[in-house]
Each structure stands twice: as structure tokens, then as C-alpha cells.
Amino acid sequence: MALFGLTSALNQPLVLRGEGLMLRLAEMRDYEAWARLRRESRAFLEPWEPLWPEDDLTRSAFRRRVRRQLHEAEIDEALAFLIFREDDLELVGGLTLGHIRRGVAQTATLGYWMGAPFARQGIMRRAVNVATRHAFEVMRLHRIEAACLPHNEASSRLLRSCKFHEEGLARGYLRIAGKWQDHLLFARLTG
């Protein structure tokens, strides 16, 4: 759907390239690489994510995830990308532009995860740059919001390096690692 003459994500290619990376929607062919990277990175990721369902790494759960993400892309609600290095197509993480709101808001929420072997190499900074460029230039969004735990210094640094500005603290904002936790709120505006 396009509101106010603005182009929706549905009309755009769902593969983004730039800065040595390729971002695209998940497909069933990604299951093995995704499950392996998530399994290997579990201890690294769990402190920063909601509790994982018991069946999270199963093929059937991944199939449901792919279907849901495709539906969300089709209705211009979210774009959930997997991140690959462009030179060898190695899966390194994921990034979502979610909660897309059109009309007078023209905004989305940024979320991301990085596989442990690829952390602290500048890859996510590059992926966020590719995604925000697409969000502003192609999707015509005005604002991208993000949040991170106050003690997640790597995520705070990442957002600041990508021109996001801290806007405040949201108390009990998200249920992470099994408990409601405060989050620092960040945003970046177009331009």
C-alpha cells in the first residue's frame, strides 16, 4: 500500500547490496546456515534477546518464520533481512526494519543480531548503513527508531556511529532474557 503518494516496500526489490554486503529476505534454503550460526552464537545472543522458544532452531519453526516475514513484507509492515558477506555469501547476522508506519509517521523500528564469529568487525555498522539508506531513499521513511539495553555498550556505539541520536530511557520497555528491562531509545531522521 502506498499512502500520500509514497512508495511502499512491497514495490521495491527485497535484496539490498552495498558496503561489501548483501541483505535479503530469508528463504528456506537458508535454514541450515541460519540454524548453525544461531546455535553457535546462542550464549553470545541470549543476554540481548527475548527468550528463545524450545523449537526455535527447528526447520518447522524456521518455515513459520519465513512465511510470517514474507507476509509482513507483502503488507508493508516489516522487512526482515539476513545479512551475507557479498564476496563469499557467508551468513553473518540479521537486520529488521519493523513496525513500519506510513501516513503522517513514515517511520520504522530497527532491530539486529550478529553471529558471534562476526562481531566487532564493523559488519553491522555497514549493514545498518545499507538498510537506513534504503529506508530513507527508497521507502521514503522519515524516521528510524532503535533501542538497546543501557549496558549494551557495543550496540550504543554502533547506533551512534550510524548517526542515531539518543532520545531517552524507556523503563521496562522490552522483555529481554526473561525479564522486563529498561532500554535506551535512539532515532535517526532522514537528511
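The numbers here are math on the coordinates, done by the rules we state, and not lab data. Note that the coordinates shown come from a computational prediction; the quantities given were computed from them, not determined experimentally. Cβ atoms come from the backbone with ideal geometry, glycine included; neighbour counts cover every protein chain shown.
For residues that are in a strand (DSSP E or B) and touching a helix residue (DSSP H, G or I) at 6+ places or on another chain (Cβ under 7 Å), tally how many sit in segment 111-128.
At the first step, the residues of segment 111-128 found to be in a strand (DSSP E or B) are 111-114.
Restricting the remaining residues to those that are touching a helix residue (DSSP H, G or I) at 6+ places or on another chain (Cβ under 7 Å) gives 112-114.
Result for segment 111-128: 3.
With respect to the numbered conditions (1) touching a Cys at 6+ places or on another chain (Cβ under 6 Å); (2) surrounded by fewer than 17 Cβ atoms within 10 Å (Cβ to Cβ), which one is the sole condition not fulfilled by residue 117?
(1)
Would you pick out the residues in segment 129-156 that are within 17 Å of residue 23 (Cα to Cα) and in a helix (DSSP H, G or I)?
Pass one, segment 129-156, residues within 17 Å of residue 23 (Cα to Cα): 129-139.
Within segment 129-156, 129, 130, 131, 132, 133, 134, 135, 136, 137 qualify.
Look through segment 153-168, keep the residues that are surrounded by 18 or more Cβ atoms within 10 Å (Cβ to Cβ) and out of contact with any Cys (no Cβ under 8 Å at 6 or more places or on another chain), and return whichever of them is nearest to residue 131 (Cα to Cα).
Among those that are surrounded by 18 or more Cβ atoms within 10 Å (Cβ to Cβ) and out of contact with any Cys (no Cβ under 8 Å at 6 or more places or on another chain), it is 162.
Among the candidates 177, 187, single out the residue that is touching a residue at least 40 places away in the same chain (Cβ under 8 Å) and buried (at least 16 other Cβ atoms within 10 Å of the Cβ). Explain how you work it out, then say what you get.
Numbers: 177 fails: buried (at least 16 other Cβ atoms within 10 Å of the Cβ).
Every option except 187 fails the conditions.
Quick check on residue 146: is it farther than 20 Å from residue 44 by Cβ and either in contact with a His (Cβ under 8 Å, 6 or more places away or on another chain) or in contact (Cβ under 8 Å) with a residue 12 or more places away in the chain (or both)? Quick ask: steps written out before the conclusion?
Working: farther than 20 Å from residue 44 by Cβ: no; either in contact with a His (Cβ under 8 Å, 6 or more places away or on another chain) or in contact (Cβ under 8 Å) with a residue 12 or more places away in the chain (or both): yes.
Considered against the rule, which asks whether it is farther than 20 Å from residue 44 by Cβ and either in contact with a His (Cβ under 8 Å, 6 or more places away or on another chain) or in contact (Cβ under 8 Å) with a residue 12 or more places away in the chain (or both), residue 146 comes out as no.
Whether any residue in segment 104-112 is surrounded by 15 or more Cβ atoms within 10 Å (Cβ to Cβ), on the phi > 0 side of the Ramachandran plot and in contact (Cβ under 8 Å) with a residue 12 or more places away in the chain is what I want to check. Walk me through how you get there before you give the answer.
Initial filter on segment 104-112 (surrounded by 15 or more Cβ atoms within 10 Å (Cβ to Cβ)): 106-112.
Then keep just the ones that are on the phi > 0 side of the Ramachandran plot; that gives 106.
This time we only want the ones that are in contact (Cβ under 8 Å) with a residue 12 or more places away in the chain, so: 106.
Looking for residues that are surrounded by 15 or more Cβ atoms within 10 Å (Cβ to Cβ), on the phi > 0 side of the Ramachandran plot and in contact (Cβ under 8 Å) with a residue 12 or more places away in the chain, one finds at least one in segment 104-112, hence yes.
Just give me the residues in segment 45-98 being assigned to a strand (DSSP E or B), of a type in the set (Phe, Trp, Tyr) and farther than 16 Å from residue 35 by Cβ, in sequence order.
Scanning segment 45-98 gives a single hit, 81.
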